[in-house]
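Remarks on the structure that follows.
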Amino acid sequence: MKRLSVFLWICLLVLTAQAKVSLPQLFQSGMVLQRDKAIPVWGSADPGERVCVTFKKKVYVTIADAKGNWRVELPKQKHGGPYTLQVNDIMISDVLIGDVWLCSGQSNIDVTIERVYPQYPQEIDTYANEKIRLFRVQSDTDTHGPKQDVKPTQWRKLNKENAWNFSAVGYFLGREMYEKNGIPQGIIVNSVGGSPIQAWLDMDTLSLHHPQDYHRLQFFQDDEMLAGMLKVNQQTNDRWHHIMNQSDPGLSVGYNSRDYDDSQWEVKNQYDNITGESQYVGSFWARQQLMIDAAHAGKPAHLLVGTLYDADYTFVNGQEVGRTYYQYPPRRYTIPAGVLKEGKNALTIRFVTKGGNPHFIKDKPYKLIFEDGYEIPLSTQWRVHEGVRMFNCPQADVTPIYLPSVLYNAMLHPLAPYPLAGVTWYQGESNTHEGDLYGQMLGELVNGWRQLWNDATLPFVIVQLANFMAPTDKPQDSGWSHVRESQRLATHQIPHTALAVTIDLGEEVDIHPLLKREVAQRIAMGFDKLLWNKKQQLSPEVIASAVNGNNIILTLDQPLRTDGSLQTFEVAAEDGRFLNAKAESQGNRIIIHSPVSHPVTVRYAWKNNPVKANAYGKNDLPMSPFQLRMSH
């Protein structure tokens with residue numbers, strides 16, 4: 001008691017002197033601290049400044065070092081709250097103690113609740129939970145080295161409004177983990193769309209193992225040069241668009257107006273090649289008529305124009321109702337009251353592409369929806385017309401968020417040593433051109449992050465790439481398959497990791513599949529196995545293999561869901577030429593009837609989009625794609 005009184009007296013002196021300290025962005029009201037681990041609290045102050053931290057009636061005092069850095073460590077805490085954390089004169093309220101999860105990677109972590117809302121409207125509309133907190137790290141880069149903090153942001157309680165622009169995987173992971181154990185959940189998301197794994201590796205790793213990437217980073221450490229290149233890129237883009245807009249007859253004549261006569265335009269089905277070209281650069285127009293009855297004329301409506309390639313400017317009766325600058329987001333536009341007229345209305349889309357070919361994406365919604373639920377499906381027939389053909393826009397190949405190490409420096413390093421329960425890594429699409437190297441880099445990332453947190457057993461759940469692109473029945477070798485195999489092997493080679501297999505949750509036409517709740521459920525099962533329930537079975541895995549004549553027999557760690565015929569197996573002899581093979585399941589065994597003598601290699605679901613893959617465990621989880629070389 002006497003010692004506590006001395007500490008309180010010291011703290012009182014600190015506050016009387018109005019000592020100022022600063023804390024990282026993570027330390028804000030509404031935060032969640034990790035249970036059952038020591039909790040570092042750190043920040044900066046004037047050199048030699050006394051810093052007093054008070055938590056749950058206990059006081060911790062330290063002095064800022066010569067650089068102004070300070071840190072105290074709170075002892076392990078059980079879950080609970082809300083509590084108050086005070087650092088000198090900074091009061092942080094509504095602090096919960098529970099589990100904190102870091103979700104990192106590229107755009108499939110980025111995909112928001114707004115994007116997936118049509119998949120789960122009732123769940124999202126009706127759910128709120130003040131014990132689940134969301135923290136979004138804002139995109140940032142640094143070519144020179146680790147930053148001390150992330151950009152300003154804040155913790156938010158989980159509800160529809162706060163989650164609308166938050167990661168759907170993070171949102172559903174928080175819900176899944178709360179339902180498992182009923183304790184507070186903190187979800188930290190620090191993903192960046194399109195980012196390669198190299199952007200999340202530290203500079204020392206690059207220097208030691210990937211010198212070309214390190215030299216590329218060094219090249220862009222000239223801030224003046226980089227700023228100049230980005231400025232020229234922007235000027236080039238602006239100039240290109242200016243010339244295109246100035247030259248496009250559709251803008252001057254009014255291709256988007258309600259009364260424009262498009263009767264001479266060519267009629268095309270939206271899923272055909274609407275330009276008739278293999279490559280088209282510039283603007284291209286498409287129009288169709290919407291018939292609106294008297295009951296809905298003048299009423300606001302939602303326009304769903306699927307997904308388009310690449311950029312679009314969409315008009316109704318000459319009024320722009322929405323625009324999107326790149327191919328992936330769904331086009332969900334609002335038509336204001338008063339725009340729609342009784343009878344004929346003109347829906348016009350102006351495509352703009354810098355490469356590729358303007359087109360409508362299949363298997364997406366194309367319709368008009370009114371507030372009373374009345375729907376008008378769009379026609380698949382459009383009148384189409386060229387706007388203006390352009391030259392390729394001459395821009396330098398530099399995007400700061402894709403440079404090596406820059407996201408590690410600005411968005412990952414500043415989060416440590418904030419204690420975590422585990423990490424979800426959902427990335428790989430941007431590295432499918434170097435699939436065989438990916439496994440090495442993934443191991444370096446896991447080990448490097450664990451060293452940063454000084455936590456050698458920090459659990460990682462790695463989300464395997466989903467199925468994507470056009471399916472085929474023929475054997476196919478691709479970078480996507482090699483990245484999936486690197487992800488699978490990483491979870492065999494790196495302790496305290498698990499694989500979330502999503503080979504059945506993708507979409508042929510969308511690199512950002514929408515079934516994110518199901519992805520989160522599989523991530524949650526991985527963490528459950530790594531942390532609490534060692535008997536939790538995940539996706540089936542091969543544990544033994546044998547060759548019996550021309551038959552290959554695989555033994556699995558669990559029985560499959562049903563016995564019978566299995567698809568997408570392939571076998572090769574020593575020549576490496578793969579052929580399709582018949583296979584069947586019998587409990588926990590798979591018998592593959594080899595079409596070649598002396599089979600050497602067998603693989604399963606080794607395609608961009610193996611839609612016929614049908615090996616599932618009794619827990620309904622799919623078996624991972626794999627490639628296995630046999631031993632004779």
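The values are calculated or read from the model by the stated rules, or taken from the named source; none is laboratory data. These figures come from a predicted structure and were not determined experimentally. All Cβ positions, even for glycine, are placed from backbone atoms using ideal geometry, and neighbour counts span all protein chains on display. With ligands, DNA and RNA removed, areas are computed over all heavy atoms of the protein, side chains included. Shrake-Rupley method; radii C 1.70, N 1.55, O 1.52, S 1.80 Å.
When you go through Thr502, Thr491 one by one, which is the residue that is buried (at least 17 other Cβ atoms within 10 Å of the Cβ), within 20 Å of the chain's Cα centre (by Cα), of a type outside the set (A, V, I, L, M) and in a loop (DSSP other than H, G, I, E, B)?
Step by step, each of Thr502, Thr491 is checked, and only Thr502 is buried (at least 17 other Cβ atoms within 10 Å of the Cβ), within 20 Å of the chain's Cα centre (by Cα), of a type outside the set (A, V, I, L, M) and in a loop (DSSP other than H, G, I, E, B).
Evaluate the following for Val321: is it within 26 Å of Val509 (Cα to Cα) and of a type in the set (A, V, I, L, M, F, W, C)?
So Val321 passes the test.
State the number of residues belonging to the stretch 589-622 that are open to solvent by less than 60 Å² (accessible area, probe 1.4 Å) and closer than 16 Å to Ile553 by Cα.
12
Looking at the stretch 546-576, which of its residues are over 16 Å from Arg589 (Cβ atoms) and loosely packed, with under 12 Cβ neighbours inside 10 Å?
Of the stretch 546-576, the ones over 16 Å from Arg589 (Cβ atoms) are 550, 567-568, 570-576.
Glu574, Asp575, Gly576, listed by residue number.
So, in the stretch 447-479, how many residues would count as being assigned to a helix (DSSP H, G or I) and surrounded by fewer than 23 Cβ atoms within 10 Å (Cβ to Cβ)?
7
Name the residues in the stretch 85-125 that are of a type in the set (S, T, N, Q) and open to solvent by 40 Å² or more (accessible area, probe 1.4 Å), would you?
Of everything in the stretch 85-125, those that are of a type in the set (S, T, N, Q) and open to solvent by 40 Å² or more (accessible area, probe 1.4 Å) turn out to be Gln86, Ser93, Gln119, Gln122.
Can you give me the number of residues within the stretch 240-257 that are more than 38 Å from the chain's Cα centre (by Cα) and more than 23 Å from His359 (Cα to Cα)?
Counting residues in the stretch 240-257 that are more than 38 Å from the chain's Cα centre (by Cα) and more than 23 Å from His359 (Cα to Cα) gives 2.
Can you pull out the residues in the stretch 526-540 that are open to solvent by less than 40 Å² (accessible area, probe 1.4 Å) and either aromatic (Phe, Trp, Tyr) or in contact (Cβ under 8 Å) with a residue 60 or more places away in the chain (or both)?
Gly526, Phe527, Asp528, Leu530, Leu538, Ser539, Pro540, listed by residue number.
Let me spell it out: the conditions are (1) open to solvent by 40 Å² or more (accessible area, probe 1.4 Å); (2) touching a His at 6+ places or on another chain (Cβ under 6 Å), and Phe370 meets all of them except one. Which number is the exception?
Going through the list (1) open to solvent by 40 Å² or more (accessible area, probe 1.4 Å); (2) touching a His at 6+ places or on another chain (Cβ under 6 Å), Phe370 breaks only (1).
Suppose the filter is open to solvent by 20 Å² or more (accessible area, probe 1.4 Å) and within 32 Å of the chain's Cα centre (by Cα); does Asn237 pass it?
Judged against the criteria, Asn237 is a match.
Which pairs do you get when a residue that is under 15 Å from Leu415 (Cα atoms), found in the stretch 128-149, comes within reach of a residue that is aromatic (Phe, Trp, Tyr) and part of a loop (DSSP other than H, G, I, E, B), reach meaning Cβ atoms under 9 angstrom, with the pair 6+ apart or on two chains?
Leu134/Phe166; Arg136/Phe166
Any residue at all in the stretch 219-232 that's within 26 Å of Asp310 (Cβ to Cβ) and more than 29 Å from the chain's Cα centre (by Cα)?
So far as the stretch 219-232 goes, yes, one or more of its residues are within 26 Å of Asp310 (Cβ to Cβ) and more than 29 Å from the chain's Cα centre (by Cα).
Sort out which residues of the stretch 142-161 are in contact with a strand residue (DSSP E or B) (Cβ under 6 Å, 6 or more places away or on another chain) and surrounded by 18 or more Cβ atoms within 10 Å (Cβ to Cβ), and write them in order of number.
Across the stretch 142-161, the qualifying residues are Trp155, Leu158.
Which members of the stretch 240-256 meet the condition of being out of contact with any helix residue (DSSP H, G or I) (no Cβ under 8 Å at 6 or more places or on another chain), surrounded by 15 or more Cβ atoms within 10 Å (Cβ to Cβ) and not in a helix (DSSP H, G or I)?
Asp248
State whether the residues of the stretch 46-64 include one that is of a type in the set (Val, Ile, Thr), at pLDDT 95 or above and closer than 30 Å to His512 by Cβ.
No - not one qualifying residue is present in the stretch 46-64.
In the stretch 267-285, which residue that is in contact with a Lys or Arg (Cβ under 7 Å, 6 or more places away or on another chain) and in a strand (DSSP E or B) is farthest from Leu340 (Cα to Cα)?
Only one residue tops the list, namely Gly282.
So, in the stretch 55-84, exactly how many residues are open to solvent by less than 40 Å² (accessible area, probe 1.4 Å) and within 14 Å of Leu23 (Cα to Cα)?
Selection size over the stretch 55-84: 4.
Select from the stretch 389-401 the residues that are surrounded by fewer than 18 Cβ atoms within 10 Å (Cβ to Cβ) and outside any loop (DSSP other than H, G, I, E, B) and list them in ascending order.
Arg389
Search the stretch 326-353 for residues being open to solvent by 50 Å² or more (accessible area, probe 1.4 Å) and modelled with pLDDT under 95, and hand back the single one that is nearest to Tyr309 (Cα to Cα).
Gln327
How about the stretch 126-141: which of its residues are under 22 Å from Tyr426 (Cα atoms) and either more than 18 Å from the chain's Cα centre (by Cα) or open to solvent by 10 Å² or more (accessible area, probe 1.4 Å) (or both)? It would help to see each step written out before you state the result.
Step one: of the stretch 126-141, the residues under 22 Å from Tyr426 (Cα atoms) are 132-141.
Correct list: Ile132, Arg133, Arg136, Gln138, Ser139, Asp140, Thr141.
Which pairs do you get when a residue that is over 17 Å from Ser93 (Cβ atoms), found in the stretch 37-59, comes within reach of a residue that is part of a strand (DSSP E or B) and of a type in the set (Ser, Thr, Tyr), reach meaning Cβ atoms under 7 angstrom, with the pair 6+ apart or on two chains?
Between residues of the stretch 37-59 that are over 17 Å from Ser93 (Cβ atoms) and residues that are part of a strand (DSSP E or B) and of a type in the set (Ser, Thr, Tyr), the close pairs are Gly43/Ser22; Ser44/Ser22; Val51/Thr62.
Here are some residues: Leu290, Leu217, Leu208, Leu230. Which one is over 30 Å from Gly338 (Cα atoms) and open to solvent by less than 40 Å² (accessible area, probe 1.4 Å)?
Leu217 is the lone residue from the list that is over 30 Å from Gly338 (Cα atoms) and open to solvent by less than 40 Å² (accessible area, probe 1.4 Å).
Within the stretch 258-300, can you find the residues that are polar (S, T, N, Q) and more than 34 Å from the chain's Cα centre (by Cα)?
Correct list: Ser263, Gln264, Gln288, Gln289.
Report, by residue number, each residue of the stretch 505-544 that is over 17 Å from the mean Cα position of the chain (by Cα) and in a helix (DSSP H, G or I).
Met525, Gly526, Phe527, Asp528, Lys529, Leu530, Leu531
Quick one: in the stretch 172-189, which of the residues that are out of contact with any strand residue (DSSP E or B) (no Cβ under 7 Å at 6 or more places or on another chain) and not charged (D, E, K, R) is least open to solvent (accessible area, probe 1.4 Å)?
Taking the candidates together, the pick is Phe172.
Taking the stretch 44-88 only, how many residues are in a strand (DSSP E or B) and at positive phi?
Residues of the stretch 44-88 that are in a strand (DSSP E or B), as a first pass: 44-45, 50-55, 58-63, 69-74, 80-87.
Keeping just the survivors that are at positive phi gives 80-81.
Count: 2.
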